[in-house]
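Input: a single structure, listed below in structure tokens.
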Amino acid sequence: MILTDLVQFINNYFFPTLGMYKIDYYQKGEIIIGGNSYHNDVIILPNKIISNWKRQSYTILTINDLQLIIPERPCFLIVGSGYSGSIPIPEDTQNRLRSLGFELFVGTNRNAMHKYNENFEKKKTIAIFLFTQS
């Protein structure tokens, strides 16, 4: 298993997949990606969008919530932490992501949208947008 992880890491490092999706629009409670509207947490990978992803708790983002993206490293990971940035990403989660080879940006969903659109065609980029649930 360790050898498989190493091979995947090397392939991602030397042959990164650049993004296919641009974020068209964001407003509180909605993000439009590639012409499709989303109202819940969403992950943008270079080659697909995951819209049925669920966090363990809607009040925080932990490393356990991110197991789906770990194989994508190394890459630039952008986390939109809600409309006002109110969904916490604990320091230990951020440090663990950095130790795994992720370059990390955390901001409000609007700031994360701009950061993603600036980078997705330049380097391998993953974005996670978190929405609070009412």
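Values quoted throughout were computed directly from the atomic coordinates according to the rules given, and no laboratory measurement underlies them. Computed from a prediction, not measured in an experiment: that's the story for all the values here. For neighbour counting, all protein chains shown are included, and Cβ atoms are generated from backbone atoms with ideal geometry for every residue, glycine included.
Work through the residues other than residue 21 whose Cβ is under 11 Å from its Cβ and net out their charges, Lys, Arg +1 and Asp, Glu -1.
Working: positive: 22, 48; negative: 24, 121.
After counting each charged neighbour, the total is 0.
So if I take the alpha carbon set of the chain, get Rg, then get Rh from the Kirkwood formula, what is the Rg over Rh ratio?
On the way: Rg = 14.1 Å, Rh = 14.9 Å.
The Rg/Rh ratio comes out at 0.95.
Here each label is just a point 7 Å from Cα along the line to Cβ, and for residue 36 and residue 104 those points are 2.8 nm apart.
In sequence order, the stretch 43-57 has phi-based couplings of 10, 9, 9, x, 10, 6, 10, 10, 10, 9, 7, 10, 7, 5, 9 Hz under the Karplus curve 6.51 cos²θ - 1.76 cosθ + 1.60, θ = phi - 60°, and Gly or Pro positions carry x. A straight Cα-to-Cα reach below 22 Å connects residue 123 with the lysines 22, 48, 115, residues fewer than 8 places away in its own chain not being considered.
Distance between the pseudo-spin-label points of residue 95 and residue 67 (7 Å out from Cα toward the beta carbon): 2.3 nm.
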